[in-house]
Amino acid sequence: MNFWQILAQLATGVGYTLVVTLACIATGLVTGLALAILTRLRPPGLGVFLAVYSYVFRGVPVLVLLFMVFFGLPGIGLEVPPLLAMMLSLGLIAGAYLAEVFRAGFNAIDPNELLAAEAMGLRRREILVAIELPQMLRFAVPGMLNEFTTILKYSPFAYTVGIPDVMKQAMTLAATSLRGLEIYLAVGVIYFLVYKLLLTLMRAVERRFAVPGISRL
Amino acid sequence: MALLTVRNLVKDFEGRRVLDGIDLDLEEGQVKVVMGPSGCGKSTLLRCLNRLIEPTAGQIRFEGEDILRPGTDVRALRQRIGFVFQNFALYRHLTALENIKLGLRKLRHFSEAQATERARAELRRMELETHGDKYPAQLSGGQKQRVAIARALAMDPKVLFFDEPTSALDPRMSREVITLINRLFLDNVTMLCVTHDVTVARYISDSVLFLDQGRVRAEGDADHLLDQHQDPHISAFFGRGARGV
C-alpha cells in the first residue's frame, strides 16, 4: 500500500469530518449569535446566565463534555446520537468562544451611528438588524475563521463516539498495517486541505460582502 | 404658535446641573443658533428636545404637544425632527444612497423604487448625484455631512437639528456645508443649530442663543451678540475686548 492508496482509504472519512465540522460550526454560530445578541440587548435577569454559560463552556475540555453527553446522559435515560453529542459538546463550547468574538465585533461599531439611528426613530430591533448585525459580522470574520479552524481541529474527537471520520479510518488502518508515520502524515495532509478549503470559502464570503472602511482585504 | 417651545428646562447628570432653566422658542421657518463655551450644555439641550436624553424637569411643546407627558410616542416625535451630528454618523456598511433609503423604507414604508427615487432626489439637491453608490469611507468629510443632511431631509422633518455640523471639517469642507445650510435657510427650512462657527451664526441665523453654564446668558440677533454685546463673558467668547472693541 503506497502513500496515495493510504490517502484514498482515509478520504472515505472526509465526508464525516466535514459533516461534523459543519454541524458544530452551525451550532456554534447559532449559540454564539444568540448569546452575543442577548448580551448586547441586556434583557433583565439574563446577565448571570450569560456570564455563567461563558465561563463554564470556555472552561470545560471538549472531550470531557463530549463524554458527559455521550456516555453520561444514557445513565439518566437520555441516549444521544454521536453527531448530536458532538454538536452539544464541541458546538456549544465553540458557541461560547464565538459569542466573545461577536461581542468584540459589536463593540467595534461606532456608537454615533446607533445614536443617529435612535434619533431617526428606528426601533431597537430595527437598529440591531439593519445596522449592528451587518457591521458586527464583517468585523468578526477573522475571529470567526480562527474559531472555525479550532472546530475543525477538534473534530477528530468524533472517532471516540464512533463516527467513522478521517481519524477513525486512520486508526483502523494503522492497527492493521503498522505504517503509522505515513498514515498520520496523510491525515495531516487531509486536514490541511480541508482547512485550506474552509479558508478559501471564508475569504470568498468576506470578499463578497466587503465594504470599504470596514473590511480589511 | 411656535413650532417648539421650551420652558424652564433642567437636566442634572450625577448631581451636576447641566441645563438650568432654559427657555427657548422656535418659530416655523426660523433658524436659531445656539452658541456657548464647550461644556455649557448645548448638545445636551438638543438631545433633550428629541428625548435622546430625558430632561430632569421643565416643559417642551412641539407643534403644541407636550412631548414630556407620559405616553408620548417618542419614535413618532423623532421622525418629525431631523438630526445632523458633528461626526456625520453615516452607517458605514451602507452606500450614500442606502443611508438615505434606510429611514424611508423602515419608517415611511416606501417601496424600494419610491425610496430609491426619493433618495436620488435628495442626493441631487445636495449635488451628490454621482456619489450615491459610494460608501462613507470613500467620501470626503464635507460630502459625508451633505449625505447626513440629505438623510435627515428625506424624512420631511418639521425641523432640522444640527449638532456642531462643521466642527469636524477643515475650512474648505466647512464652507461647502455652510453654503448648503445657507441654501436651506433661503428655502425656509426650520433649523436649530448648535455651533461654534461664527460664520453660521452671522449669516445663517435669525437669532442666536448664548448659553453659559447651562443657562441662557443672552439672546438676540447675531450681529448685536457677536459685535456689540457688553457682557464680558460673551465678548471674551467671541474674541473681543471686554469693552466690545
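Laid out as a table, the results:
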item: For B:Phe13, B:Phe62, A:Phe67, order by how many other beta-carbon atoms lie within 10 Å, fewest first; result: B:Phe13, A:Phe67, B:Phe62
item: Overall form of the stretch A:38-137 per C-alpha gyration tensor (a/c, 1.5; a/b vs b/c); result: prolate
item: Inter-label distance for B:Ala121 and A:Asp110, nm, one decimal - labels placed 7 Å from Cα along Cα-to-Cβ; result: 2.8 nm
item: Gain in span if fully extended, B:Gln138 to B:Ala168, counting 0.36 nm per residue against the direct Cα distance; result: 9.1 nm
item: Sparse-neighbourhood loop sites, GluC sites (Glu not before Pro) in the stretch B:1-76 - DSSP loop, at most 16 other Cβ within 10 angstrom; result: B:Glu14, B:Glu27, B:Glu28, B:Glu63
item: Among beta bridges that DSSP assigns inside the protein assembly as shown, antiparallel share in %, nearest 5; result: 55 percent
item: Highest-MSF residue in chain B out of B:Leu26, B:Leu97, B:Leu52 [GNM, Cα springs under 10 Å]; result: B:Leu52
item: Pairwise label distance in nanometres, A:Glu126 with B:Arg75, each label 7 Å out on the Cα-Cβ vector; result: 0.6 nm
item: Proximal aspartates and glutamates to B:Lys106, defined as alpha-carbon separation beneath 17 angstrom and excluding residues fewer than eight positions away on the same chain; result: A:Glu113, A:Glu118, A:Glu126, A:Glu132, B:Asp73, B:Glu98, B:Glu117, B:Asp156
item: Relative intensity, log₁₀ I(q)/I(0), of the protein assembly as shown from a Debye sum that treats every alpha carbon as a point, q = 0.10, 0.11, 0.14 Å⁻¹; result: -0.83, -0.92, -1.25
item: Cleavage-rule hits (chymotrypsin sites (Phe, Trp or Tyr not before Pro)) in the stretch A:141-211: DSSP loop, at most 10 neighbouring Cβ within 10 angstrom; result: none
item: Mean Cα-pair separation over length for the stretch B:87-157, i.e. relative contact order, pairs under 8 Å, 6 or more apart, %; result: 47 percent
item: Residues A:Met167, B:Met1 arranged by fewest to most Cβ contacts within 10 Å; result: B:Met1, A:Met167
item: Chain B: most fluctuating residue of B:Asp156, B:Asp73, B:Asp212 per GNM, C-alpha cutoff 10 Å; result: B:Asp73
item: 0 to 90° range, to nearest 10: angle between helix A:180-208 axis and chain A longest Cα axis; result: 20 degrees
item: FRET E, pair B:Arg108, A:Ile76, Förster distance 41 Å, beta-carbon r, rounded to 0.05; result: 0.15
item: Reachable aspartates and glutamates, given that their alpha-carbon falls under 16 Å from the alpha-carbon of B:Lys11 and they are not under 8 places away in the same chain; result: B:Asp20, B:Asp23, B:Glu54, B:Asp212
item: Theoretical FRET efficiency, 1/(1+(r/R0)^6), r = Cβ-Cβ of A:Arg208 and B:Asn188, R0 45 Å, to 0.05; result: 0.50
item: Centroid-to-centroid separation of the stretch B:1-30 and the stretch A:1-74 [C-alpha atoms, Å]; result: 55 Å
item: Taking A:Ile93, A:Ile131 and counting other C-beta atoms within 10 Å, the order from fewest to most; result: A:Ile131, A:Ile93
item: Rough spin-label spacing in nm, given labels placed 7 Å along Cα→Cβ, for B:Asp223 and B:Asp206; result: 1.8 nm
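Here, each number is a calculation from the coordinates, and none is a lab measurement. This one's a predicted model, so the numbers in the text were calculated from it and none came from an experiment. Virtual Cβ from ideal backbone geometry, glycine too; neighbours counted across all protein chains shown.
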